[in-house]
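Enquirer: Let me give you the structure first, and then I'll get to my questions.
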Amino acid sequence: MNPEKKTIREIPRGLPVVRAQDIDRSRLELSADVVVVGSGAGGAVAAYELARKGLDVLVLEAGPYVPSREMTEDFSEALETLYEDHGSQANRDGDILVLQGRCVGGSTLVNGCVSFRTPDFILREWREYFDLKEMTPENLAPYFERVERNLSISENGEHEIARHSQVIRDGARKLGWSVKPFQRNVKECALTGHCLSGCKTERKQSMLVTYLPWAAAHGARIHSDTRVTRVLEEQGRTTGVEAQVVGRDGVKVADMVVHAGRVVLAAGAVQTPVLLQKSGLGNSSGQVGRNFACHPSMYVGARYPEPIHAWRGALLGNYVDEFLHPDDGGFMLESGGLGVAEMCLITEPGTGEPYMRYMEDIRYYTGLVTLIHDQNVGEIRWKGDHKEIEYRLAERDFPAMMNALKAAVRLHLASGATEVFLPTTEHLVVRSAEEIDPVVARLENRPQHLRLVSYHPQGTCRMGSDPANSVVGPDGQCHDVRGLYITDASVIPTSTLVNPQTTIYALATWIADRMVTETA
């Protein structure tokens, strides 16, 4: 008899997730062939690929299980329930939000669905600098194809290019810049524009409605509200994990020990290195937590003469890749919508009368997101009782950031905007192309000066062939601890520049295949 049957109440209908409220013992001792820490892009894919090969898989997720039917599409509520640190996770200086999902399904539940393959020039960097000889477009193509097929990844149709993206597309064409429709992991998009708050209609093909149910169908067990506190190891090989089950009220319900011959860490590029640091494992190279990149982004808002209604239609429509390659600038512009609450958070219209004027005119506003190929200069540290994200925009990245800002302003103006608002703490507005250079020249690379946000933390346990400068090998296995694998964004050797979720899916599949081969 499964020992869990004696300690866990019957699970309600839906995805079979064991929550804190289902536990009626103060201590749980479980076993599995593989324990997966985290249920986002890296964890869910690994869990499914391993479970379908007959392995007994247990998935542990620190965040809550929120079924789609309980999602409200209220962004403020989503921040509170679905995001790490209730949406307030930031770097040490407090000027860059580092947004991550913290729920069953992870960040895949709250991202914008954008699905890029890793650019060829990025893979070339990985081969040249980290001796990842097998990471070629040809070798990875079957993995990309597999996840694209599984997640219904396809190019936006014309009906998915909302007004906020149509005007930007027109402006890019006027400038002669390359502009393309996004590919997204969506099946018959409901066009509600609430991607960042979850997807109540389950059109977004997140891990919550794809790989996790598929893993469960193959026997994988899933626990939410379960914070892994230590990875266990004996004589250079992992033996399982220790964890705590904690309710939504923050009260510990039970201690947990899981005995497993293999452990897959997929808690995210911030949490995975913290867990290794807490465990005192995997850091003979001194690289655990280092090489953090996050695609620091700016939301460049603008006012248009005609109503845009940026919260209507598909969230993300097109992207401008004219400057994608490092030789051309090393940045990308993404056109997309934004909810009213999110727009207020980013542009800070003020209080009282200024706020009322802003809200009266909100239908005329929309924006562009800038992404740069940032250097891996950050570090994640566990400081004894809290995590610390040390990241400042590198001086050598500042020119690319400013060039991206100039391009975004120029594109808005070409698209018909009458005013473009710079994402700075100082109120700066550009109304003509002639003003762009002198206004942007006033900006400095210093904390609290630019309004930055990050959606793509990566790189803190990088993959490489040399144990001296990497944490895991080409198979995803930790150089120092046999049986310990990492499948999340922390293994990405350098910034991907593009949204990384498809890279994570493909690498997790790649690593899971090698785990299965090793077992066989």
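The values are calculated or read from the model by the stated rules, or taken from the named source; none is laboratory data. Predicted model, so just to flag it, every value in this text is computed and none were measured. Positions of Cβ are backbone-derived with ideal geometry, glycine not excepted, and every protein chain shown enters the neighbour counts. For accessibility, only protein heavy atoms count, side chains too; no ligands or nucleic acids. Shrake-Rupley method; radii C 1.70, N 1.55, O 1.52, S 1.80 Å.
Enquirer: If r is the Cβ-Cβ distance from E419 to A217 and R0 is 51 Å, what FRET efficiency results, to the nearest 0.05?
Expert: On the way: r = 53 Å, r/R0 = 1.03.
It comes to 0.45.
Enquirer: Could you tell me the distance between the Cα centroids of region 165-202 and region 388-434, to the nearest Å?
Expert: 21
Enquirer: May I pose another question? Take the alpha-carbon centre of region 132-155, take the same for region 459-489, and report the distance between them in whole Å.
Expert: Answer, in whole Å: 21.
Enquirer: In deg cm²/dmol and to the nearest 500, what is the mean residue ellipticity at 222 nm of the chain if only DSSP H runs of at least 4 residues count, each as -39500 (n - 2.57), divided by the residue total? Intermediate results must be reported in sequence, preceding the final value.
Expert: Values: 12 runs with 133 residues, N = 520.
The helix contribution divided over the chain gives -8000 deg cm²/dmol.
Enquirer: Further question: How tilted is helix 398-414 with respect to the longest principal axis of the chain? Cα atoms for both, answer in degrees (0 to 90, nearest 10).
Expert: Long axis of 398-414 versus the principal axis of the chain: about 50 degrees.
Enquirer: Loop-only check: which GluC sites (Glu not before Pro) in region 68-161 are DSSP coil with at most 14 other Cβ within 10 angstrom?
Expert: Values: sites: E70, E73, E77, E80, E84, E125, E128, E134, E138, E145, E148, E155, E158, E160; in loops: E73, E134.
Those that pass, being in a loop and sparsely packed, are E134.
Enquirer: I need the GluC sites (Glu not before Pro) found in region 433-520, filtered to DSSP loop residues with at most 16 other beta carbons within 10 Å of theirs.
Expert: Values: sites: E434, E435, E444, E518; in loops: E444.
In loop regions of region 433-520 (DSSP not H, G, I, E or B), the sparsely surrounded GluC sites (Glu not before Pro) are E444.
Enquirer: For a test of the definition: using alpha carbon positions, the gyration tensor, and the 1.5 limit on a/c, classify region 20-68 as rounded, prolate or oblate.
Expert: Values: a/c = 2.42, a/b = 1.28, b/c = 1.89.
Note, shape of region 20-68 comes out oblate.
Enquirer: Further, regarding this structure: Return one number: the angle in degrees, 0 to 90 and rounded to the nearest 10, between the long axis of the Cα atoms of helix 163-175 and the longest principal axis of the Cα atoms of the chain.
Expert: 60
Enquirer: Arranged from highest to lowest average of other beta-carbon atoms within 10 Å per residue, in what order do the peptides 494-506, 86-98 appear? Spell out each step's value before the answer.
Expert: Working: 494-506: 25.5, 86-98: 18.2.
Descending mean neighbour count gives 494-506, 86-98.
Enquirer: Suppose the chain between D131 and H159 were pulled fully straight at 0.36 nm per residue; how much longer would it get relative to their current alpha carbon spacing? Show your work: numbers first, answer last.
Expert: Numbers: separation 28, 0.36 × 28 = 10.08 nm, distance 4.35 nm.
So the extension gain works out to 5.7 nm.
Enquirer: Could you work out the relative contact order of region 166-308? I mean the mean sequence separation of Cα pairs under 8 Å and 6+ apart, divided by the number of residues, in percent.
Expert: Details: 124 pairs, mean separation 17.6, N = 143.
With pairs under 8 Å counted, the relative contact order is 12 percent.
Enquirer: Please work out the ratio of the alpha-carbon Rg of the chain to 2.2 N^0.38 Å and round it to two decimals.
Expert: Working: Rg = 22.5 Å, N = 520, 2.2 N^0.38 = 23.7 Å.
The value comes to 0.95.
Enquirer: Holding the Cα-Cα limit at 29 Å, pick out from K187/K278; K133/K204; K53/K187; K180/K406; K204/K383 the pairs that are longer than that. Kindly include the intermediate steps, with their values, before the conclusion.
Expert: Values: K187/K278 40 Å; K133/K204 34 Å; K53/K187 27 Å; K180/K406 20 Å; K204/K383 37 Å.
As for pairs spanning more than 29 Å Cα to Cα, those are K187/K278; K133/K204; K204/K383.
Enquirer: Specify the angular offset, from 0 to 90 degrees and rounded to the nearest 10, of the alpha carbon long axis of helix 501-519 from the longest principal axis of the alpha carbons in the chain.
Expert: 20
Enquirer: How large is ³J(HN,Hα) for each residue in region 482-488, as worked out from phi by the Karplus curve 6.51 cos²θ - 1.76 cosθ + 1.60 (θ = phi - 60°), to whole Hz, x for Gly and Pro?
Expert: Calculated HN-Hα couplings, in order: 5, x, 9, 10, 10, 10, 9 Hz.
Enquirer: Which three semi-axes in whole Å describe the equivalent ellipsoid of region 93-192, each the square root of 5 times a Cα gyration tensor eigenvalue, listed largest first? Walk me through the numbers before you get to the answer.
Expert: Values: eigenvalues 143, 84, 67 Å².
The equivalent ellipsoid of region 93-192 has semi-axes of 27, 21, 18 Å.
Enquirer: So, one more: In whole percent, what relative contact order does region 97-238 give with Cα contacts below 8 Å and a gap of six or more residues? Can you show the working numbers first?
Expert: Working: 116 pairs, mean separation 44.8, N = 142.
Averaging sequence separation for qualifying contacts and normalising by length gives 32 percent for region 97-238.
Enquirer: Using the reciprocal of the averaged 1/r over all distinct C-alpha pairs, how large is the Kirkwood radius of region 139-246 in Å? If you can, show how the numbers build up before the last one.
Expert: On the way: mean 1/r = 0.0557 Å⁻¹.
That comes to 18.0 Å for region 139-246.
Enquirer: Kindly state, to the nearest 0.05, the FRET efficiency for A468 paired with S432, given R0 = 56 Å and r defined as their beta-carbon distance. Present the calculation step by step, with values, prior to reporting the outcome.
Expert: Values: r = 53 Å, r/R0 = 0.95.
Calculated transfer efficiency: 0.60.
Enquirer: Counting only the heavy atoms of the protein chains, how much of R363 is accessible to a 1.4 Å probe, in Å² to the nearest 10?
Expert: For R363, the solvent-accessible surface is approximately 90 Å².
Enquirer: Compare T136, T72, T517, T226 by solvent-accessible area with a 1.4 Å probe and give them largest first, with all protein chains kept in place.
Expert: Details: T136 25, T72 75, T517 100, T226 0 Å².
Result of the area sort, largest leading: T517, T72, T136, T226.
Enquirer: In square angstrom, rounded to the nearest 10, how much accessible surface does R462 have for a 1.4 Å probe?
Expert: Per-residue accessible area (R462): approximately 30 Å².
Enquirer: So who's got an amide H within less than 5 Å of the one on D56, skipping anything under 5 residues away but keeping other chains? H placed 1.01 Å off N, in plane.
Expert: Sorted by chain and number, the residues that satisfy this are D33, V34.
Enquirer: Now for a different question. Report the FRET efficiency, 1/(1 + (r/R0)^6), for R237 and N139, where r is their Cβ-Cβ distance and R0 is 35 Å, rounded to 0.05.
Expert: It comes to 0.75.
Enquirer: From the Cα gyration tensor of region 183-286, with a ≥ b ≥ c the square roots of its eigenvalues, which class applies: rounded if a/c is under 1.5, or else prolate if a/b is larger than b/c, or else oblate? Write out the running numbers ahead of the final one.
Expert: On the way: a/c = 2.07, a/b = 1.88, b/c = 1.10.
It comes out prolate by the Cα gyration axes.
Enquirer: Hey, another quick one. Sorted by packing (mean other beta-carbon atoms within 10 Å per residue), highest first, where do 350-360, 379-389 land?
Expert: Values: 350-360: 11.2, 379-389: 14.6.
Result, highest mean first: 379-389, 350-360.
Enquirer: Could I ask something else about it? Taking all protein chains in place and a 1.4 Å probe, what share, in percent, of the accessible surface of the chain do carbon and sulfur account for? Provide the component values of the computation, followed by the final result.
Expert: Details: 9280 of 20210 Å².
Carbon and sulfur: 46 percent of the exposed surface of the chain.
Enquirer: When only C-alpha pairs under 8 Å and at least 6 residues apart count, what is the relative contact order of the chain, in percent? Write down the numbers at each step before the final one.
Expert: Values: 1281 pairs, mean separation 117.8, N = 520.
Taking the mean separation of contacting Cα pairs over the length of the chain, I get 23 percent.
Enquirer: In Å², and per residue, what accessible area does the chain have when probed at 1.4 Å with the other protein chains present? Don't skip to the answer; put the middle values down first.
Expert: On the way: 20210 Å² over 520 residues.
Normalised by residue count, the accessible surface of the chain is 39 Å².
Enquirer: What is the distance in Å between the Cα centroid of region 216-259 and that of region 359-380?
Expert: 36
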